[in-house]
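Visitor: Got a structure for you, written out below as structure tokens; questions coming shortly.
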Amino acid sequence: MGGVVSGILIVSAVIAVGYFAARLRILGPEVQGALTRTAFYVTNPALLFTVVAGSDIRAALGTDAPLALLSAAIVGLLYSVLSLLFFRRPVAETAVGAMASSYANANNIGIPVSLYAVGTAQHVAPVLLVQILVMAPFYLTVLGLASGSKISWKRLLVQPFANPMIIASGLGAVVALTGWTAPDLLQKPVDMLAGGAVPMVLLAFGLSLAGRAPLQKDGGRTETLVATFLKIAGMPLIVWTLGRFVFGLEGQHLLASVIMAALPTAQNVFLFASPYGRGMTVARDVILCTTVLSVGALLVVAWAVG
């Protein structure tokens, strides 16, 4: 279980650097916005391009991808129903909460945890592809439309293709499917930018934690707790049920799938919400709560399923 703990600690250490940099006033309040915008428009698109371009998209369309998509859709729908009927939150805030309850940190934490827990990271790629190519475009489209003043069919069709991360993911998919190899003069700068994506997002998230305690009553405490429960407990249970009785998984494959479901919420949820200024507090608090609780959740999953 060393991979479970070390993956959490690595991410937490970078977040802590951002937090203390803000608390000690090394970095001013304007830095968080600059980091999130840079990550959203520059470094994250570079990272998504390299991840998708280097993936086997055809192989990912087997069991793992449908299971990841179906489970995420069920969890997101459950949260959306609760948000619209009981919390009575607007569509944009509901979309952020639904994404926070179903969007796993498959890259930063999933890869080391999968390697140490099941001996391979091959089950991470399908989850990443589903999130990058399906979930992210869907939620970003909803956020973009809900945050605007006018909704039209033209805008509905154009919105996904106006997002830099979606454009980068699409280009990466084309490269992966065609087998084209980019020349070094093009690939090396992209790789350099991609290397800054994860620490930049984690630093921005750490900066956002300074000056405001989580789970404030006026910050969507109920929505945060519900999304946290769905991500840490609900999604693993749904994946285990679907994997065992619908997809016929067992042994190591089933364990790997449930581990992917028990991962904490990805920092990308906060990154996606930041440019629109909607649901940022809930996104931040769910990421924090699930990151803290995921250590216990992953250990329980490894013990119960493994």
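The values are calculated or read from the model by the stated rules, or taken from the named source; none is laboratory data. What you are looking at is a predicted structure, and each value in this text was computed from that prediction instead of being measured. Note that we place each Cβ from the backbone using ideal geometry, even for glycine, and neighbour counts take in every protein chain shown.
Visitor: Would you check if there is a residue in the stretch 153-166 being at pLDDT 85 or above, among the basic types (Lys, Arg) and assigned to a helix (DSSP H, G or I)?
Guide: Checked the stretch 153-166: no residue is at pLDDT 85 or above, among the basic types (Lys, Arg) and assigned to a helix (DSSP H, G or I).
Visitor: Among the residues that make up the stretch 260-268, is at least one of them under 20 Å from Val31 (Cβ atoms), assigned to a helix (DSSP H, G or I) and out of contact with any Pro (no Cβ under 7 Å at 6 or more places or on another chain)?
Guide: Within the stretch 260-268, one or more residues are under 20 Å from Val31 (Cβ atoms), assigned to a helix (DSSP H, G or I) and out of contact with any Pro (no Cβ under 7 Å at 6 or more places or on another chain).
Visitor: So for the stretch 270-289 (the condition being polar (S, T, N, Q), in contact (Cβ under 8 Å) with a residue 12 or more places away in the chain and either buried (at least 21 other Cβ atoms within 10 Å of the Cβ) or part of a loop (DSSP other than H, G, I, E, B) (or both)), does at least one residue qualify?
Guide: Looking for residues that are polar (S, T, N, Q), in contact (Cβ under 8 Å) with a residue 12 or more places away in the chain and either buried (at least 21 other Cβ atoms within 10 Å of the Cβ) or part of a loop (DSSP other than H, G, I, E, B) (or both), one finds at least one in the stretch 270-289, hence yes.
Visitor: Can you confirm whether Ala302 is modelled with pLDDT under 90 and buried (at least 18 other Cβ atoms within 10 Å of the Cβ)?
Guide: For Ala302, the condition - modelled with pLDDT under 90 and buried (at least 18 other Cβ atoms within 10 Å of the Cβ) - is met.
Visitor: On to the next question. Quick check on the stretch 180-202. Is at least one of its residues out of contact with any Ser or Thr (no Cβ under 9 Å at 6 or more places or on another chain), surrounded by fewer than 21 Cβ atoms within 10 Å (Cβ to Cβ), assigned to a helix (DSSP H, G or I) and polar (S, T, N, Q)?
Guide: The answer is no, given that none of the residues of the stretch 180-202 is out of contact with any Ser or Thr (no Cβ under 9 Å at 6 or more places or on another chain), surrounded by fewer than 21 Cβ atoms within 10 Å (Cβ to Cβ), assigned to a helix (DSSP H, G or I) and polar (S, T, N, Q).
Yes/no per residue for (1) over 19 Å from the mean Cα position of the chain (by Cα); (2) at pLDDT below 85; (3) not aliphatic (A, V, I, L, M):
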{"site": "Val52", "(1), (2), (3)": "no, yes, no"}
{"site": "Ala60", "(1), (2), (3)": "no, yes, no"}
{"site": "Pro66", "(1), (2), (3)": "no, no, yes"}
{"site": "Leu70", "(1), (2), (3)": "no, no, no"}
{"site": "Gly76", "(1), (2), (3)": "no, no, yes"}
{"site": "Pro90", "(1), (2), (3)": "yes, no, yes"}
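Visitor: Working only within the stretch 93-126, note down all residues that are crowded, with 20+ Cβ neighbours inside 10 Å, assigned to a loop (DSSP other than H, G, I, E, B) and at pLDDT below 95.
Guide: Scanning the stretch 93-126 gives Asn105, His123.
Visitor: To continue, here is another question. Please verify whether Tyr79 is touching a helix residue (DSSP H, G or I) at 6+ places or on another chain (Cβ under 9 Å) and closer than 30 Å to Thr50 by Cβ, treating the condition exactly as stated.
Guide: Answer is no for this residue.
Visitor: Of these, Ser80, Ser55, Ser71, which one is in a helix (DSSP H, G or I) and surrounded by fewer than 24 Cβ atoms within 10 Å (Cβ to Cβ)?
Guide: None of the others qualify; the one that does is Ser80.
Visitor: Do the conditions hold for Leu254, that is, is it under 20 Å from Val198 (Cα atoms), surrounded by fewer than 24 Cβ atoms within 10 Å (Cβ to Cβ) and in contact (Cβ under 8 Å) with a residue 40 or more places away in the chain?
Guide: Answer is no for this residue.
Visitor: Look through the stretch 83-92, keep the residues that are without any contact (Cβ under 8 Å) to a residue 24 or more places away in the chain and part of a helix (DSSP H, G or I), and return whichever of them is surrounded by the most Cβ atoms within 10 Å (Cβ to Cβ).
Guide: Leu84
Visitor: Follow-up question, since we're still on this one. Looking only at the stretch 244-261, count how many residues are more than 18 Å from Asn105 (Cα to Cα) and among the hydrophobic types (A, V, I, L, M, F, W, C).
Guide: 5
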